[in-house]
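The structure appears below as structure tokens.
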Amino acid sequence: MKAVIFDFGGTVDTDGVHWSKKFWDAYQRHGVPITENEFEEAYRRAEPLMSAGIVEQRSGLLNTLKQQVALQVDYLRARKLVDSNPSSDIVQRIATTCYEEVGRTISGMWPLLADLHREYLLALTSNFYGNLEAVCRELMIDSYFTAVIDSACIGVWKPDPAIFCITLQRLGVRPPDAVVIGDSYDRDIVPAKSLGCKTIWLCGRSWHTPDDCSAADYQITSLHHLSSQLIERLNSTTTRERTK
Ligand SMILES: [Mg+2]
């Protein structure tokens, strides 16, 4: 193996917790009186608006989270599911809670990324909002990654395998020499496998688990289960194994 290609959202930033769950936990912690179904509808409505909107390329993670939560709360307020008082600081409180949790998760990743960086070329390949490089600088992980591929910057989004082709070209690595690691089976694992990459599925708190997981060479439940020994075992992997 020569390269390790990570997804960012739900992978490096939360260690396998889907962002819908991360946000929902914060809504609950702050006592927002809505059901999980009502929240998930708000999340589903807000994400396409976020992707279609404009995020300042130098914008950091806290501002990005505030934009996401503001769109969710707009939906909930329009349906009178939350207080419509414009002075409410619910957006600030929820975004800050998520931001602080990501900070703790990322700082826990620094030793792992440093170890892998010594042995492999590392890359990020993510459906993001155009500011992933700025977010990586803010989180002090930018120096580990030779390539940071942000879908909004190149106009190609997962699950299009072309986004991984671009990453491989930037790294100068052939598909069999790269492992792709992500929390989304459909967006990360399936397209990467279709190109001939090795795959590790980060199987955390996801929305659904497909019946057929055969595109995943390994499954892990935390990035802290990653090691160069596990990555090198991929060279001889012919059947799917599960590592917990
Ligand atoms: Mg993800």
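Here is a yes/no grid of residues against (1) more than 18 Å from ALA134 (Cα to Cα); (2) in contact with a Phe, Trp or Tyr (Cβ under 9 Å, 6 or more places away or on another chain); (3) of a type in the set (D, E, K, R):
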residue	(1), (2), (3)
GLY16	yes, no, no
TRP24	yes, yes, no
GLU41	yes, yes, yes
ARG58	no, no, yes
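Residue-wise test of (1) within 16 Å of the ligand (Cβ to nearest atom); (2) more than 19 Å from the chain's Cα centre (by Cα); (3) under 16 Å from ASN131 (Cβ atoms); (4) modelled with pLDDT of 95 or more.
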site: VAL32; (1), (2), (3), (4): no, yes, no, no
site: ALA46; (1), (2), (3), (4): no, no, no, no
site: SER51; (1), (2), (3), (4): yes, no, yes, no
site: ARG79; (1), (2), (3), (4): no, yes, no, no
site: SER87; (1), (2), (3), (4): no, yes, no, no
site: TRP110; (1), (2), (3), (4): no, no, no, yes
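Taken together, THR105, THR35 contain a single residue that is β-branched (Val, Ile, Thr) and over 30 Å from ASP177 (Cα atoms), which is THR35. Can you pull out every residue in the range 53-77 that is under 18 Å from the mean Cα position of the chain (by Cα) and within 15 Å of ASN127 (Cβ to Cβ)? Once the filter is applied, which keeps residues that are under 18 Å from the mean Cα position of the chain (by Cα) and within 15 Å of ASN127 (Cβ to Cβ), the range 53-77 yields VAL55, THR64, GLN68.
Results for (1) of a type outside the set (Val, Ile, Thr); (2) assigned by TED's automatic domain parsing to the domain that holds PRO159; (3) more than 23 Å from ASP142 (Cα to Cα), shown as yes or no for each residue.
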position: ASP7; (1), (2), (3): yes, yes, no
position: GLN28; (1), (2), (3): yes, no, yes
position: ASN37; (1), (2), (3): yes, no, yes
position: ALA42; (1), (2), (3): yes, no, yes
position: VAL55; (1), (2), (3): no, no, no
position: ARG58; (1), (2), (3): yes, no, no
position: LEU61; (1), (2), (3): yes, no, no
position: VAL69; (1), (2), (3): no, no, yes
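Here GLY16 passes the criteria (1) touching a strand residue (DSSP E or B) at 6+ places or on another chain (Cβ under 8 Å); (2) of a type in the set (Gly, Ala, Ser); (3) away from the ligand (no atom under 16 Å from the Cβ) except the one numbered (3).
Looking at VAL173, VAL190, VAL156, which one is over 28 Å from TRP24 (Cα atoms), in the same structural domain as ARG233 (by TED's automatic domain parsing) and out of contact with any helix residue (DSSP H, G or I) (no Cβ under 6 Å at 6 or more places or on another chain)? Steps first, answer last, please.
On the way: VAL190 fails: over 28 Å from TRP24 (Cα atoms); VAL156 fails: out of contact with any helix residue (DSSP H, G or I) (no Cβ under 6 Å at 6 or more places or on another chain).
Result: VAL173 is the single residue among VAL173, VAL190, VAL156 that is over 28 Å from TRP24 (Cα atoms), in the same structural domain as ARG233 (by TED's automatic domain parsing) and out of contact with any helix residue (DSSP H, G or I) (no Cβ under 6 Å at 6 or more places or on another chain).
Confirm whether THR105 is in contact with a strand residue (DSSP E or B) (Cβ under 9 Å, 6 or more places away or on another chain) and of a type in the set (S, T, N, Q). So that I can check it myself, show each step before the final result.
Working: in contact with a strand residue (DSSP E or B) (Cβ under 9 Å, 6 or more places away or on another chain): yes; of a type in the set (S, T, N, Q): yes.
Yes.
For the range 66-109, taking the residues that are acidic (Asp, Glu) and closer than 27 Å to THR11 by Cβ, the one that is surrounded by the fewest Cβ atoms within 10 Å (Cβ to Cβ) is identified as GLU100.
The values are calculated or read from the model by the stated rules, or taken from the named source; none is laboratory data. Computed from a predicted model, the values in this text were never measured in an experiment. Neighbour counts run over all protein chains shown; Cβ positions are idealised from the backbone, glycine included.
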